[in-house]
1. Limited to the range 25-82, what total is found for residues that are hydroxyl-bearing (Ser, Thr, Tyr) and surrounded by fewer than 13 Cβ atoms within 10 Å (Cβ to Cβ)?
2. Output the helices (runs of 4 or more DSSP H) that fall wholly within the chain and possess 2 or more residues being at pLDDT 75 or above and under 17 Å from the mean Cα position of the chain (by Cα), or say none.
3. So residue 22 ticks every box in (1) over 16 Å from residue 9 (Cα atoms); (2) surrounded by fewer than 13 Cβ atoms within 10 Å (Cβ to Cβ) but one. Which box is left unticked?
Amino acid sequence: MLDAHVTEFLFHLLAFAYPGYLTYKTLEHDRKSHANARGWCIFWMTNAVFVCVSRVVDATPVSSVAFYRESKVRSSTSMALRSNVTQTCVRE
């Protein structure tokens, strides 16, 4: 199992840094497309809810369940890599 500090680093990297870079890249590349901006707004709202819920769950005994941290990193990875906005940005 991964250490708590490693999983927190990976979680923040995958939940904030990578999508933040893709948001910047998309908005700088295509300033006139409101569809991409709307898609990123939806992604960031979903991400905010996910992070808030994970903070609450981290304070409960559920966080001691085996592979909880790994599943949290996996969830943030799949959310970041499988969003339609991310796939649109990567294709261009």
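1. Kept after step one, since they are hydroxyl-bearing (Ser, Thr, Tyr), are these residues of the range 25-82: 26, 33, 46, 54, 60, 63-64, 68, 71, 75-78.
Among the residues that remain, those that are also surrounded by fewer than 13 Cβ atoms within 10 Å (Cβ to Cβ) are: 46, 60, 64, 71, 78.
Of the residues in the range 25-82, 5 are hydroxyl-bearing (Ser, Thr, Tyr) and surrounded by fewer than 13 Cβ atoms within 10 Å (Cβ to Cβ).
2. Working: elements: 4-12, 18-29, 34-58, 68-81, 84-91.
Filter on the chain gives 4-12, 18-29, 34-58, 68-81.
3. (2)
The values are calculated or read from the model by the stated rules, or taken from the named source; none is laboratory data. Just so it is clear, the structure is predicted and the values come from calculations on it, not from any experiment. Note that each Cβ is placed from the backbone with ideal geometry, even for glycine, and that neighbours are counted across all protein chains shown.
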